[in-house]
Structure formats: structure tokens, C-alpha cells
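What follows is a set of notes on a single structure, which appears directly below.
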Amino acid sequence: MDTNIIFSYIQSYGYFIIFLFLFFGIVGIPAPEESLLFFLGVLISQQQLEWAYCFLVSWFGATMGMIAAYGIGYYFGHPFIKRYGKYIGMKEERWERTNHLFKKYGKWLVLFGFYLPGVRQISPYMAGVIRFPFSLFLFLSFVGALLWVAPVMSVGLFLGQHMRIPLASIPLIGLALFLLFLAVVWIKQLLGKKQFEN
């Protein structure tokens, strides 16, 4: 989505539209979450928005999106998979394997999955489906959203203060930051494998 359109929405509807973008982005309806957070940081650097309001609304929107997706997975996911899973390739043994993997690594997926598009949308549904403890899920969602919203917005704020950033280039910058993150994860995995082999 064009940053000018996002900015016009923010001007028209205020901070509530930020909440909606983050909420629906987590639930799985396409929204430019990283680009939006970076864009908000740039607008804050230009004194067009307030840091505290942007941060709180973004954090709340992401967390509420996680809770809503968890609820959908909890109440609708398991019966659906049990009844129709075989038709979509989710047979009982595969379900048990997925269930076991999420129970083992699920807390890390909920906590750090915000940085991975796709994972941040699927992890709360999966947590609900396998009946991941809600209190732990809520805590990890709060902390994970904080660790995602604050740094991405801060990068936009920092760069916005130190260089002139054309609004049209913000989605490209968001994509570049995401690719950089993937490269760092990939390099760490390679180094980890080499250490394990030695």
C-alpha cells in the first residue's frame, strides 16, 4: 500500500487506524506492518505524530491481534482440523508431530515470530489450536509485540532524524530491513551448523 494513502488514512481517522492496521495484519488480513511501523517512526521524527501514542496504539493493536487469532484457533481450529484435516494433508500423525513441535518451540515462535511475516500470523492460531496455556501466550505476546514495535519504529525515527527519506521509498526500506534480518538469521544458522560439525 502506498505510504501517501496510509498517511491520508492516519490524517482522516487518527491513531485508531494504526490500531486497525496492526490488528488485521496479525490476524492475517494483508497489511504492511513493518513498513507502517517504520513509516510511523519517520512521521514522529517530523513531529507529525506523537511517539507515545503511536507506540501504545501499535503495541495494543499487535497484542489484540494475537489474542483474537488465538481465540479463533482455540474455538474453531481444533474441531476443524480433526474433522477435515485429512482433506488438507493434516493427517493424525502429522497433526501430532506439528503439535509436538509447537509445544517444544512454540514459546519462541510467539515471542520472536513477529519478525517473520507468515509466522506471526500462524503462530497465534496454532497456539490456540493446541491449547497453549493462555496466560503464558498472553505474556509472550505482550513482550514479543514490544520487542517488535519499539525497535522497528525506532529505526524509522532515527533515520528520519538523520536523513531525508522520501515517503515513496519507505516500503522498499521496510523490505530491505526484512531481508537484512533474514540474512542475519541465515548466517547464524550456517555458523551454528559449522560449530556443531566441528
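The values are calculated or read from the model by the stated rules, or taken from the named source; none is laboratory data. Computed from a predicted model, the values in this text were never measured in an experiment. All Cβ positions, glycine included, derive from the backbone under ideal geometry; neighbour counts span all protein chains shown.
Hey, could you check the stretch 111-126 for residues that are of a type outside the set (Phe, Trp, Tyr) and out of contact with any Gly (no Cβ under 6 Å at 6 or more places or on another chain) and say which is surrounded by the most Cβ atoms within 10 Å (Cβ to Cβ)? Across the stretch 111-126, the extreme among qualifying residues is PRO124.
What number of residues in the stretch 42-71 are at pLDDT 85 or above and either over 19 Å from PHE139 (Cβ atoms) or aromatic (Phe, Trp, Tyr) (or both)? Here the count works out to 10. Screening TYR115 on (1) closer than 12 Å to THR63 by Cβ; (2) at pLDDT below 90 shows it passes everything except condition (1). When the stretch 24-41 is limited to residues that are in a loop (DSSP other than H, G, I, E, B) and among the hydrophobic types (A, V, I, L, M, F, W, C), the one that is modelled with the lowest pLDDT turns out to be ALA31. Candidates are the residues of the stretch 131-165 that are of a type in the set (A, V, I, L, M, F, W, C), surrounded by 13 or more Cβ atoms within 10 Å (Cβ to Cβ) and modelled with pLDDT under 90; the one that is farthest from the chain's Cα centre (by Cα) is ILE165. Cβ separations smaller than 6 Å between residues 6+ apart or across chains give the following pairs from the stretch 99-110 residues that are on the phi < 0 side of the Ramachandran plot to residues that are among the aromatic types (Phe, Trp, Tyr) and not in a helix (DSSP H, G or I): GLY106/PHE132. Annotation: ALA168 fulfils all but one of (1) touching a helix residue (DSSP H, G or I) at 6+ places or on another chain (Cβ under 7 Å); (2) more than 19 Å from ILE67 (Cβ to Cβ); (3) modelled with pLDDT of 65 or more; the unmet one is (3).
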